[in-house]
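Structure record follows, encoded as structure tokens.
The values are calculated or read from the model by the stated rules, or taken from the named source; none is laboratory data. Treat the numbers as computed from the prediction; the structure is a model and nothing was measured. Note that we place each Cβ from the backbone using ideal geometry, even for glycine, and neighbour counts take in every protein chain shown. Surface areas here come from the heavy atoms of the whole protein model, side chains and all, with no ligands, DNA or RNA. Shrake-Rupley method; radii C 1.70, N 1.55, O 1.52, S 1.80 Å.
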Amino acid sequence: MSDRAVELVALVGSLRAASVNRQLAQVAADNAPAGVNVTVIDNLGSLPFYSEDIDVEGRLDPAVVALREAVGKADGVLIATPEYNGSIPAALKNAIDWLSRPYGNGALNGTPVAVFSAALGQYGGQWTREDTRKSVGVAGGRAIEEADLGLQIPALPEGGLNHPEIVEKVVASVNRLVAEVAVNA
């Protein structure tokens, strides 16, 4: 791997401004290891619903173009997502659909991806992580289950996501994702 920084993008699956998962992505960005930059993308709600009718080169929505470019240039992707009704939030699934195209050459193609989730349930968003990994894999990404992180919101220690124990878990997951980026290099 070269001396350049590893570039990761963190996609936030929640649309809520005060989302715990938005905060989780920010913890990853704020505590990224030396030589790693994490850019948080939290505007997935601005994407139009995917349709081949509007997926036309030269007429793409600017938010789609920006997302595809950011993910296409990234060395790896971190997804921070809540669990809605036992699965992926619609905004995140829609973003994955946009990133899967053009078919066979989407922005996620071959890119290592880690999925983080903070959820109210006792399994810390296990179902959303499983479904997200499945969608990412079908879209061409390389879901790295060993880099995933699930947190139970009610079980967070005093200090929440900024507690040293949680930060350590986030950094360990980011490091695992970065190790997969090195495999891709």
Peptide ranges 150-159, 108-117, 26-35, 75-84 listed from the most packed, as the mean C-beta count within 10 angstrom indicates: 75-84, 108-117, 26-35, 150-159
Sulfur and carbon atoms: percent of accessible area, the chain [1.4 Å]: 50
Within a Gaussian network of the chain (alpha carbon springs, distance under 10 Å), most fluctuating of 59, 129, 22: 59
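With charges set only on the Cβ (+1 for Lys and Arg, -1 for Asp and Glu), what does the dipole of segment 121-167 come to about its Cα centre, in debye to the nearest 20?
Result for segment 121-167 is approximately 220 debye, rounded to the nearest 20.
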